[in-house]
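Notes to accompany the following structure.
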Amino acid sequence: MLRKSIALAAFGLAIIAGPAVASGDPEPPKSVAWSFAGPFGKFDAAQVQRGYKVYREVCAACHSMNQLFFRNLGQKSGPFYDPEYKNPNDNPYVKALAKDIQVNDIDSETGDTIQRAGMPADKFPSPFPNEAAARASNGGAMPPDLSVITKARDGGPDYVYSLLTGYKPPPAGLSVGAGQHYNPYMPGDLAAYWTGKGHAPKGGFIAMAAPLADGKVTFDDGKPSTVEQQAKDVVAFLAWASEPKQTERKQFGFGAMIYLFIFSILLWFSYKRIWRNVGH
Amino acid sequence: MSGPSTYEPKAGLERWLDSRLPIVRFMNDTLVTFPTPKNLNYWFTFGGILALMLGIQLITGIVLAMHYVPHVDHAFNSVERIMRDVNYGWLIRYMHANGASMFFLAVYLHMFRGLYYGSYKAPREVLWIIGCAIYLVMIITAFLGYVLPWGQMSFHGAVVITNLIGAIPVIGASITTWLWGGFAVDNATLNRFFSLHYLLPFVIAGLVVLHIWALHVTGNNNPKGVDVKSKEDTVPFHPYYTVKDGFAISVFLLLYMSFVFFNPNILGDAVNYVPANPLVTPAHIVPEWYLLPFYAILRAVPDKLMGVILMFGAIAAIFALPWLDTSKVRSMRYRPTARLYFFIFVIVCLVLGYCGRQLPDGQVIPGVSGLIWWDADINSFVWLSRVATAYYFAYFFLILPILGLTETPLPVPESITDPVLSHPATTPAGAVASPEKRG
């Protein structure tokens, strides 16, 4: 009877749970078949490496990634992991990547603020010294930190990909303010800016102009540098960065589930055996 | 019910200890020989599951507290550091965060089981009330814990919920300031929330001891809701229920771990991965799923104070339940009418939870509009919440009190072992034959 009631309750919910689509809702994100999706998903190291290059050459001009250290790039399941260098601080590739970037430091002799080449132990430096500086350089908008961006947005990697590739010229009848850009995937409500016929278009305004362009980044492995490819790669990098240990988590989980499953079966047979003479 | 102890200490040291502190005898009487009705089904396994969940939350929480920094400037980053740099920090944090959800899932099933089988009725009123107290402290603890990562939803959830206290006339504002430790939710608030979040689980553990003590005075209820009449009706807790609870725990862990390892963030809100910013309010402020029904009740009422009163009243009603239900029959197996109202109640709770997640003005049936009644369209979640809230309270204050006096229950079996009237679904074939050989 209780089982029936659960089925009934689920049915009741299914009737009520029709998704309510308000006019202000953005376009639903495009669905991408990510290599890292699902319980067995893994990152494609080459793709995450290309993604790092996109971040470094395009995004990093405005967006910080405060939770990331260069050493993360060379840790297990990181894009530049090399089994020969268990300690990512020794990984020559990571060292070289860090060295390319100037980071702020204090001269221990004089106490002056200096810049020096990065080391694997350094954090990714922020492009701006503080929030006010970031806003001043971006028309009053604050470029969000990208460390956990794919976890911090509804729709996750699909949403970030759709946003990056979804820029469109604004439909006639939509008045776009200075320093604003129309994007159908950006959450917002455009009704107040709409003078055309019918409902206001889906989406919202975003202060960031379309950041990617064909050929903007040269991929070292010869991948054609289209906007879609750049977006896919950088989203893969951001998804990895949002939780660098997620591959480890899934692998650990697989073992744990098998263990628990076998344990459950054994307990089931123990239960059947212990209770075999009890009428209940 | 548990009767005089039959434990006999065997070794010399045990005899010596037994006459000074009979702790081994106590453990033996509560965990091994405790006579338990032999017809308990899987709905009765959630007590053991909950004990395990409390243990997991305590252990993971204590480890998290070793790495967490309760300061507005560091809280968010310290949680990310746990995820990235602490050995297996991701596992500990995800177990703790999803553990809260699983704890509530188990407690709700445990409570619905109590409601269905009448586990709150005499002589188990005190047992029930202690359980309600545990649930109340759990809610407070979960709310405090959700604030600690100091994400956007943490911060703004804390603002919304603490502001509810401001609805109390005259003294509300002063209490809110006192609670915040300032004039806004800020560092002082985060610090005290951390302190209390660490304290309250131990209060829960103490209440759990009382809960189990009360259980062992009255003994378990059972699906038939009739008292244990003879030794034939019971089996010793060990090994019969240790193995059955153990199996249920293992299956429950499979569900729990599928969230921890493969979907650790699905029960949370994406916005909480954005660091708290008092100047930017998230588009929708919603609590975690396990508090959504109460949030729907709160928002169903246009007056703030009345909303708060109804929200707390919804929990108070559960406390008062032993004196609201007038029926002497415990199990709803033998109360077909009450059973129907109970299932509607379960659906209503789910509907309230769903409404709590939606915008109050959102349309229940898309595209139909224009029937304004009082302050909102009939076809809106606020009105659905109102109807569901009305049923929620009617169930406790009208249906159960009246039904107990008017309904005609089915014949109730004489005892747990009595085969003639037992529930067909749980009576194995051949159970009627030779009952004297059983046990």
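The values are calculated or read from the model by the stated rules, or taken from the named source; none is laboratory data. Nothing here was measured: the structure is a model prediction, and the numbers come from that model. FYI the Cβ positions are ideal-geometry reconstructions off the backbone, even for glycines, and counts take in every protein chain you see.
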Quiz item: Only one of these conditions is not met by B:H216: (1) out of contact with any Phe, Trp or Tyr (no Cβ under 8 Å at 6 or more places or on another chain); (2) more than 11 Å from every other protein chain (Cβ to nearest Cβ). Which number is it?
Solution: (1)
Exercise. Would you mention how many residues in the range B:8-40 are touching a Pro at 6+ places or on another chain (Cβ under 8 Å) and of a type outside the set (D, E)?
Key: 11
Quiz prompt | B:G166 touching a Gly at 6+ places or on another chain (Cβ under 6 Å) and in a helix (DSSP H, G or I) | solution = yes
Quiz item: In the set A:D214, A:D233, which member is acidic (D, E) and outside any helix (DSSP H, G or I)?
Solution: A:D214
Quiz prompt | Residue match in the range B:267-277 (condition: in contact (Cβ under 8 Å) with a residue 12 or more places away in the chain, touching a Pro at 6+ places or on another chain (Cβ under 6 Å), under 27 Å from B:F183 (Cβ atoms) and not charged (D, E, K, R)) | solution = yes
Practice problem: Could you give me the residue pairs with C-beta distances under 7 Å whose first residue belongs to the range B:348-376 and is touching a residue at least 24 places away in the same chain (Cβ under 8 Å) and more than 9 Å from chain A (Cβ to nearest Cβ), whose second residue is surrounded by fewer than 18 Cβ atoms within 10 Å (Cβ to Cβ) and in a loop (DSSP other than H, G, I, E, B) wherever it lies, and which are 6+ apart or on separate chains? | Solution: B:D375/B:P302
Quiz item: Given the conditions (1) away from chain A (no Cβ under 14 Å); (2) in contact (Cβ under 8 Å) with a residue 12 or more places away in the chain, and given that B:I309 satisfies all but one, which numbered condition is not satisfied?
Solution: (2)
Quiz item: For residues in the range A:245-262 being part of a helix (DSSP H, G or I) and touching a residue at least 40 places away in the same chain (Cβ under 8 Å), which is nearest to the other protein chains (Cβ to nearest Cβ)?
Solution: A:G253
Quiz item: Restricted to the range B:223-241, and to residues that are more than 9 Å from chain A (Cβ to nearest Cβ) and part of a helix (DSSP H, G or I), which residue is surrounded by the most Cβ atoms within 10 Å (Cβ to Cβ)?
Solution: B:Y241
Quiz item: Has the range B:371-384 got at least one residue that is of a type in the set (S, T, Y), surrounded by fewer than 18 Cβ atoms within 10 Å (Cβ to Cβ) and assigned to a loop (DSSP other than H, G, I, E, B)?
Solution: no
Quiz item: Does B:A248 satisfy the condition of being within 14 Å of chain A (Cβ to nearest Cβ) and either closer than 28 Å to B:L190 by Cβ or in contact with a Leu (Cβ under 8 Å, 6 or more places away or on another chain) (or both)?
Solution: no
Quiz item: Under the condition of being assigned to a helix (DSSP H, G or I) and surrounded by fewer than 19 Cβ atoms within 10 Å (Cβ to Cβ), which residue from the range B:252-282 is farthest from the other protein chains (Cβ to nearest Cβ)?
Solution: B:L255
Quiz item: Yes or no: B:S380 over 22 Å from B:W43 (Cα atoms), of a type in the set (S, T, N, Q) and touching a strand residue (DSSP E or B) at 6+ places or on another chain (Cβ under 6 Å)?
Solution: no
Self-check item: Candidates B:F103, B:F44, filtered to the one that is crowded, with 20+ Cβ neighbours inside 10 Å, away from every other protein chain (no Cβ under 14 Å) and either closer than 24 Å to B:I315 by Cβ or of a type in the set (D, E) (or both)
Solution: B:F103
Quiz prompt | the range B:385-394, residues that are crowded, with 22+ Cβ neighbours inside 10 Å and away from chain A (no Cβ under 11 Å) | solution = B:S385, B:T389, B:Y392
Exercise. Say whether the condition of being among the aromatic types (F, W, Y), touching a Lys or Arg at 6+ places or on another chain (Cβ under 8 Å) and in contact (Cβ under 8 Å) with a residue 12 or more places away in the chain is met by at least one residue in the range A:197-219.
Key: yes
Exercise. Please determine, by comparing only the residues of the range A:27-83 that are assigned to a helix (DSSP H, G or I) and polar (S, T, N, Q), which one is nearest to the other protein chains (Cβ to nearest Cβ).
Key: A:N72
Quiz item: Would it be correct to say that A:Y193 is within 21 Å of A:D154 (Cβ to Cβ), more than 14 Å from chain B (Cβ to nearest Cβ) and surrounded by 13 or more Cβ atoms within 10 Å (Cβ to Cβ)?
Solution: no
Practice problem: Scan the range B:77-97 and give yes if some residue there is within 26 Å of B:H238 (Cα to Cα), of a type in the set (D, E, K, R) and modelled with pLDDT of 95 or more, otherwise no. | Solution: no
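To keep it simple, each residue is scored yes or no on (1) touching a Phe, Trp or Tyr at 6+ places or on another chain (Cβ under 8 Å); (2) more than 12 Å from chain B (Cβ to nearest Cβ); (3) over 20 Å from B:P282 (Cβ atoms); (4) of a type in the set (V, I, T).
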| site | (1), (2), (3), (4) |
| --- | --- |
| A:G156 | no, no, no, no |
| A:S162 | yes, yes, yes, no |
| A:P169 | yes, yes, yes, no |
| A:A178 | no, yes, yes, no |
| A:D214 | no, yes, yes, no |
| A:V227 | no, yes, yes, yes |
| A:F237 | yes, yes, yes, no |
| A:E243 | yes, no, yes, no |
Quiz item: In the set A:G38, A:G12, A:G51, which member is over 30 Å from A:A191 (Cβ atoms) and either touching a Ser or Thr at 6+ places or on another chain (Cβ under 6 Å) or modelled with pLDDT of 95 or more (or both)?
Solution: A:G51
Exercise. Run B:V137 past the list (1) of a type in the set (A, V, I, L, M); (2) more than 13 Å from chain A (Cβ to nearest Cβ); (3) outside any helix (DSSP H, G or I) and report the number of the one that doesn't hold.
Key: (3)
Quiz item: Across the range B:377-398, what is the number of residues that are under 30 Å from B:T326 (Cα atoms) and free of Cβ contacts under 8 Å to residues at least 60 places away in the same chain?
Solution: 7
Quiz prompt | Selection count, the range A:263-280, where residues are at the interface with chain B (Cβ under 7 Å from one of its Cβ atoms), hydrophobic (A, V, I, L, M, F, W, C) and more than 16 Å from B:P236 (Cα to Cα) | solution = 3
